[in-house]
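What follows is a short report on a single structure.
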């Protein structure tokens, strides 16, 4: 999670690698190294744990990882999109997709975040919808994981779940009525951040997506770019800005990122976005 830190949350490392990859960086080597380091920690039924440092060099499973639903999805996205010829990771992805199927709640039409838990999150479900859509559109992935994808809900059912469980209206307000189940107190995260995932995973695009993006920037842009919205600077929002053609906001975030990084307001996802945006925007590494 942090430079020279003592624990690994696999979801965040995967998110960082995929963000850089989507922004044009060749991450195959670090993705393969991380993937094969992580692989022995996978449980027989699919989930991964949080992993903590033990002594100088050893690492041990030390508790549940963050967000099994999104983690299952991102692990398969890494295997299918970044390392498509790696048969070992593909076999692991099969177990992850099978675990993901157990997290689906057909009554609520949503994925629970953790096995045996009742909490469910709008952002996680958007992430899962986006990844499953991409896997199903890929001729290679859809064939390789045909049985597992067939056991998971269809896109229409998952989208209905966003409306049913979270009060999301694609033509309505910027934010869903609820960012989580059960609802939590309003905050920049998860509420203001929730709609950002719609742009990252292509559920909002085109003219409508651009209109909603302008609304988001008008409402939240100034404090976010000033670093006032949260302890962390939320590089995922800068990535969404870039995807929406708002290079000005992405560049402003990137220009300020070195100061946040030096101040310790930083984690591995911020680093993945920073590396990716520097590549995509042709920005030079600032002198120290």
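What does the C-alpha gyration tensor say about the overall shape of segment 185-236? Classify as rounded when a/c is under 1.5, otherwise prolate if a/b is larger than b/c, or oblate. Cα axes put segment 185-236 in the prolate bin.
In the chain, the DSSP-assigned H stretches of four residues or longer account for a calculated mean residue ellipticity at 222 nm of -15000 deg cm²/dmol, using -39500 (n - 2.57) per stretch and the full residue count as denominator. In this entry, the chain is assigned a mean projected area of 15.1 nm², taken as a quarter of its C-alpha convex hull surface. Look at the alpha carbon pairs under 8 Å that are at least 6 residues apart: their mean separation over the length of segment 157-243 gives a relative contact order of 23 percent.
Taking the Cβ-Cβ separation of residue 138 and residue 251 as r and a Förster radius of 35 Å, what is the calculated FRET efficiency to the nearest 0.05?
Calculated value: 0.65.
By the count of other C-beta atoms within 10 Å, a proxy for reagent exposure, 122, 34 are ordered fewest to most as 34, 122. Could you tell me the calculated FRET efficiency between residue 102 and residue 265, based on Cβ-Cβ distance and R0 = 25 angstrom, to the nearest 0.05? So the FRET efficiency works out to roughly 0.10. In terms of other Cβ atoms within 10 Å, 169, 69, 230 run from fewest to most in the order 169, 230, 69.
Put in line by how crowded their Cβ is, counting other Cβ atoms within 10 Å and starting with the fewest, 77, 158, 114 read 114, 158, 77. Distance from the Cα centroid of segment 221-259 to that of segment 21-44 is 26 Å (rounded to whole angstrom). Working from Cα pairs under 8 Å separated by at least six residues, relative contact order for the chain is 20 percent. With a ≥ b ≥ c the root eigenvalues of the C-alpha gyration tensor of segment 90-213, is it rounded (a/c under 1.5), prolate (a/b larger than b/c) or oblate? The shape class here is oblate. Per-residue extension of 0.36 nm, minus the Cα-Cα distance of residue 188 and residue 214, leaves a gain of 7.6 nm for this segment. Cβ-Cβ distance of residue 160 and residue 57, R₀ of 41 Å, FRET efficiency by 1/(1 + (r/R0)^6): the value works out to about 0.25.
Every number in this text was worked out from the coordinates using simple rules, so none of it is lab data. Worth saying up front: this structure is predicted, and the values here are computed from it rather than measured. For neighbour counting, all protein chains shown are included, and Cβ atoms are generated from backbone atoms with ideal geometry for every residue, glycine included.
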